[in-house]
Amino acid sequence: MLTNESISLRAMEPQDATVLYNWENDHELWHVSETLAPYSLHQLKSFIEQSLTQDIFSSRELRLMICDNNDSTYGIVDLFKFEPLHQRLGIGIVVHKDYRNRGIASKAISIVKEYVFKILRVNQIWCMINVNNTESIKLFDKSGFENAGTLKKWNKNYEGGFDDVIIMQCIKKPQK
């Protein structure tokens with residue numbers, strides 16, 4: 001299991017559908033997830049069922065639930081666009097607003113880094129963050145990610161304009 005002293009990351013289970021339904025349909029999060037329409041409970045149950053039959057090498061993605069020792073769910077880590085040939089993958093993370101600013105996201109990223117560098121043997125993890133999302137930029141910076149550049153006017157915003165996006169990377173340190 002993927003754990004540290006206070007949290008664990010686990011595969012999605014069928015009973016997570018309701019939690020995912022509430023979080024995926026929270027329109028306040030849509031601007032960071034590029035979601036444009038609500039998901040049905042049926043869609044999310046099907047997504048979970050499909051994820052139980054595929055590994056990251058076949059689906060190229062892995063969604064992990066962030067939980068405490070009593071299996072209370074704090075958030076989700078999404079690993080996506082896994083490229084075994086190029087040894088890289090993308091990461092996204094959401095911690096429910098009731099649990100933010102407690103170090104949960106930092107701990108989850110630390111667990112993920114150990115997993116993907118040692119088990120999946122990737123060379124780098126990357127993320128794309130809207131320049132206005134200073135909390136996420138600080139989180140990933142503190143977690144060892146570096147700013148690799150800015151994509152100008154990359155994402156359309158709700159006001160009709162476009163926002164710049166920062167690409168951040170965490171490259172595996174060489175073994176000594």
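The values are calculated or read from the model by the stated rules, or taken from the named source; none is laboratory data. All values derive from a computational prediction rather than experimental measurement. Positions of Cβ are backbone-derived with ideal geometry, glycine not excepted, and every protein chain shown enters the neighbour counts.
Within the stretch 1-10, take every residue that is in contact with a Leu (Cβ under 7 Å, 6 or more places away or on another chain) and under 16 Å from Ala105 (Cβ atoms) and give me the one that is surrounded by the most Cβ atoms within 10 Å (Cβ to Cβ). If you could, list the steps in order and put the result at the bottom.
Taking the stretch 1-10 as the starting set, the residues that turn out to be in contact with a Leu (Cβ under 7 Å, 6 or more places away or on another chain) are 2, 8-10.
Keeping just the survivors that are under 16 Å from Ala105 (Cβ atoms) gives 2, 8-9.
Details: Leu2: 17, Ser8: 18, Leu9: 22.
So the residue we want is Leu9.
Give the stretch 62-87 a look and list any residue that's in contact with a Gly (Cβ under 9 Å, 6 or more places away or on another chain) and either loosely packed, with under 14 Cβ neighbours inside 10 Å or without any contact (Cβ under 8 Å) to a residue 24 or more places away in the chain (or both), or say none.
Asp78, Phe80, Lys81
State whether the residues of the stretch 96-103 include one that is at pLDDT below 95, closer than 28 Å to Asp164 by Cα and assigned to a strand (DSSP E or B).
No.
Tell me, which residue of the stretch 41-61 that is of a type outside the set (Val, Ile, Thr) and exposed (fewer than 12 other Cβ atoms within 10 Å of the Cβ) is farthest from Arg10 (Cα to Cα)? Outline the logic, then answer.
Pass one, the stretch 41-61, residues of a type outside the set (Val, Ile, Thr): 41-47, 49-52, 54-55, 57-61.
When the remaining residues are screened for being exposed (fewer than 12 other Cβ atoms within 10 Å of the Cβ), the result is 42, 50, 52, 55, 57-58.
On the way: His42: 22, Gln50: 16, Leu52: 12, Asp55: 13, Phe57: 17, Ser58: 19 Å.
Top of the filtered list is His42.
Looking at the stretch 118-143 only, could you name the residues that are part of a helix (DSSP H, G or I), touching a strand residue (DSSP E or B) at 6+ places or on another chain (Cβ under 6 Å) and of a type in the set (S, T, N, Q)? So that I can check it myself, show each step before the final result.
At the first step, the residues of the stretch 118-143 found to be part of a helix (DSSP H, G or I) are 118, 134-142.
In the following step, the residues that additionally are touching a strand residue (DSSP E or B) at 6+ places or on another chain (Cβ under 6 Å) were identified as 136-137, 140.
If the condition is that a residue be part of a helix (DSSP H, G or I), touching a strand residue (DSSP E or B) at 6+ places or on another chain (Cβ under 6 Å) and of a type in the set (S, T, N, Q), then Ser136 is the only one that fits.
Take the residues in the stretch 44-63 that are assigned to a loop (DSSP other than H, G, I, E, B) and within 17 Å of the chain's Cα centre (by Cα); name whichever of them is farthest from Leu79 (Cα to Cα).
Asp55
Go through the stretch 111-121 and give me each residue that's in contact (Cβ under 8 Å) with a residue 40 or more places away in the chain and within 28 Å of Asp163 (Cβ to Cβ).
Val112, Lys113
Within the bounds of the stretch 11-29, is there any residue that is in contact with a Leu (Cβ under 8 Å, 6 or more places away or on another chain), modelled with pLDDT under 70 and assigned to a helix (DSSP H, G or I)?
No - not one qualifying residue is present in the stretch 11-29.
Has the stretch 145-155 got any residue that is touching a Ser or Thr at 6+ places or on another chain (Cβ under 8 Å), modelled with pLDDT of 95 or more, over 22 Å from Leu20 (Cβ atoms) and surrounded by fewer than 16 Cβ atoms within 10 Å (Cβ to Cβ)? Reasoning before the result, please.
Within the stretch 145-155, the subset touching a Ser or Thr at 6+ places or on another chain (Cβ under 8 Å) is none.
Taking every residue of the stretch 145-155 in turn, none turns out to be touching a Ser or Thr at 6+ places or on another chain (Cβ under 8 Å), modelled with pLDDT of 95 or more, over 22 Å from Leu20 (Cβ atoms) and surrounded by fewer than 16 Cβ atoms within 10 Å (Cβ to Cβ).
Go through the stretch 151-176 and report how many residues are over 20 Å from the mean Cα position of the chain (by Cα) and either among the polar types (S, T, N, Q) or assigned to a loop (DSSP other than H, G, I, E, B) (or both).
9
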